[in-house]
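The values are calculated or read from the model by the stated rules, or taken from the named source; none is laboratory data. For clarity, every value in this text was computed on a predicted model and none was experimentally measured. Using ideal geometry, Cβ is built from the backbone for each residue, glycine included, and neighbour counts are taken over all protein chains shown. Calculation scope for accessible area: heavy atoms of the full protein, side chains included, ligands and nucleic acids excluded. Shrake-Rupley method; radii C 1.70, N 1.55, O 1.52, S 1.80 Å.
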Amino acid sequence: MAVIKTALIVGGGIAGMSAAIALRKIGVDVHLIDVDPHWRVAGAGITITGPTLRVMAELDILPDVLAEGFTADGILACDHHGHELARIDTSMRAASGVPGAGGIMRPVLHAIMTRRLKALSPRVSLGISIASMTQGDVAEVTFTDGTSGVYDLVVGADGIYSQMRKLLMPEVSLPRYVGQMCWRLTAERLPDIDRRTYFLGGPSKVGLNPVAPDAMYMFLLEPSAEPLRREPAEELERLAELMAPFGGAIATLRDRLDSTAQINVRPLETLFLDQSWLQGRTVLIGDAAHATTPQLASGAGMAMEDGVVLAQCLDDETDFAAALHRFMERRLPRCRLVVDKSLALGRMERSSGSPVDQIKVVESALAELNGPI
Ligand SMILES: Cc1cc2nc3c(=O)[nH]c(=O)nc-3n(C[C@H](O)[C@H](O)[C@H](O)COP(=O)(O)OP(=O)(O)OC[C@H]3O[C@@H](n4cnc5c(N)ncnc54)[C@H](O)[C@@H]3O)c2cc1C
């Protein structure tokens, strides 16, 4: 039986929904709030790894993800002309039956997760946030709409620019820009793109990943000393320029670019709380505690694992403090690994590091992440 009865979850993204699902499954009374009155997500694609698919099984969303996304084992690494360099094994030896890699559109994943959550009947309040909080034996919270509540646990899952982190740990620095802009383009899947495919050794790192039988997305990491803000009208032209040095499937996609292209571009930022994510009755999870750059495609997976491990610890331990202590012991090293290795890969990409060395880092990190959570 869980050592708490009630939990407030601040933020209904991947981390918050995962925690809400996992806590409802062990009988906790969950109240989830999200500041967005429409509870929306960006329309970009997302890459998922074997460990992410494994935690999706824990959340009972794997069958829907398999049906509505795309999965295939392995990563194909090519040079920037599109010639094969290596095949990276991603099979999940630790959990048979789970594919080793995949992709899905974010809004599709969001819909799957909200469906799963709603079936567990949590209380959901949209368009509100926390106005103030006092913590003692319980957390007493006032919301921005003037209502209030009392909870055994508060979960701060409000993303990279977390207001909860600012409230609890005002001394923590803001997220840091890492010198790369991430472009994403949604497109019709090309028949020969049947798994995650990287194009390494060019002026940018580029990848393609199917997200449905008929759709894929391209990501392109543009080195840039400063975060750039461009007008939407300039984006198409700039993306075509960035794709120009590439051959193979990237050249095909470039030829098809027109004004209907679905382009999403944002600066890559990182933040890792290399300290406890706990304060009183509150714990930070997901990007609020560890926002990674996407080189290992593991940010969403780590956010989901946080929710699942939090519920496991609260269910296994007989004492609240011990449960949260155990949670930190299990999560800190694993999330640090993802953030550090992703940053290392980003540095190699920016300095045109050898594709072979990049492949080695990806392989070793994925092998470690395949271990137990
Ligand atoms: C360009 C890019 C590409 C990426 N690609 C991948 C990928 O391919 N694979 C992968 O696994 N990961 C990827 N990631 C990482 C992944 O997107 C994040 O790790 C993941 O979305 C984190 O989820 P979260 O719930 O912690 O935060 P978020 O998704 O940011 O959700 C936070 C939620 O909190 C709400 N909120 C914010 N402030 C408040 C507040 N004050 N009160 C109440 N609610 C609030 C927001 O509305 C939102 O719903 C990528 C990240 C980036 C930037």
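Charges were assigned to the Cβ only: +1 to each Lys and Arg, -1 to each Asp and Glu. The resulting dipole of the chain about its Cα centre is roughly 120 debye. Using +1 at the Cβ of each Lys and Arg and -1 at the Cβ of each Asp and Glu in region 1-155, identify which of His83, Phe143, Ala20 lies farthest towards the dipole's positive end. Comparing the listed Cα positions along the dipole, Ala20 ranks first.
With K and R counted +1 and D and E -1, the other residues having a Cβ less than 12 Å from that of Gly207 yield a net charge of +3.
Counting only DSSP beta bridges with both residues in region 1-152, the antiparallel share comes to about 70 percent. Cross-link partners for Lys5 among the lysines, with Cα-Cα distance under 17 Å and sequence neighbours closer than 8 places in the same chain left out: Lys25. Our helix-only sum for the chain, with -39,500 (n - 2.57) per DSSP H run of n ≥ 4 divided by its residues, gives a mean residue ellipticity at 222 nm of -11500 deg cm²/dmol.
Considering only Leu273, Ser298, Val283, and ranking their Cα positions along the charge dipole of region 255-373 that arises from unit charges at the beta-carbon of Lys, Arg, Asp and Glu, the one farthest toward the positive end is Leu273. Rolling a 1.4 angstrom probe over the protein heavy atoms with all chains in place gives region 1-94 an accessible area of 38 Å² per residue.
In region 159-202, with Lys and Arg counted as +1 and Asp and Glu as -1 at Cβ, which of these residues, Tyr198, Tyr161, Gly179, has the Cα nearest the positive end of the dipole, that is, farthest along it? Most positive-ward Cα: Tyr161. Under the membrane-span-like helix rule (DSSP H runs whose alpha carbons stretch at least 18 Å along the helix axis, mean Kyte-Doolittle hydropathy -0.5 or higher), the chain yields 106-119, 299-316, 320-350, 355-369.
Can you tell me how region 136-195 classifies by the Cα gyration tensor, rounded, prolate or oblate, using a/c under 1.5 as the rounded cut? Prolate shape, in that a/c is at least 1.5 and a/b is the bigger ratio. Taken about its Cα centre, region 308-373 carries a charge dipole of about 340 debye when Lys and Arg each add +1 at the Cβ and Asp and Glu each add -1 at the Cβ.
Cross-link partners of Lys341 among lysines, defined as those whose alpha carbon lies under 29 angstrom from its own and excluding same-chain residues fewer than eight positions apart: Lys166, Lys205, Lys360.
For the chain, the share of DSSP beta bridges that are antiparallel, to the nearest 5, is 70%.
Here the chain was treated as a single set of alpha-carbon atoms; its pair distances binned every 10 Å from 0 give 5, 24, 33, 24, 11, 2, 0 percent. Residues considered: Gly74, Gly11, Gly97. Largest GNM mean-square fluctuation over the chain, using C-alpha springs under 10 Å, is found at Gly97.
For region 49-112, a simple Cβ point-charge model (Lys and Arg +1, Asp and Glu -1, everything else neutral) yields a dipole of about 80 debye relative to the Cα centre.
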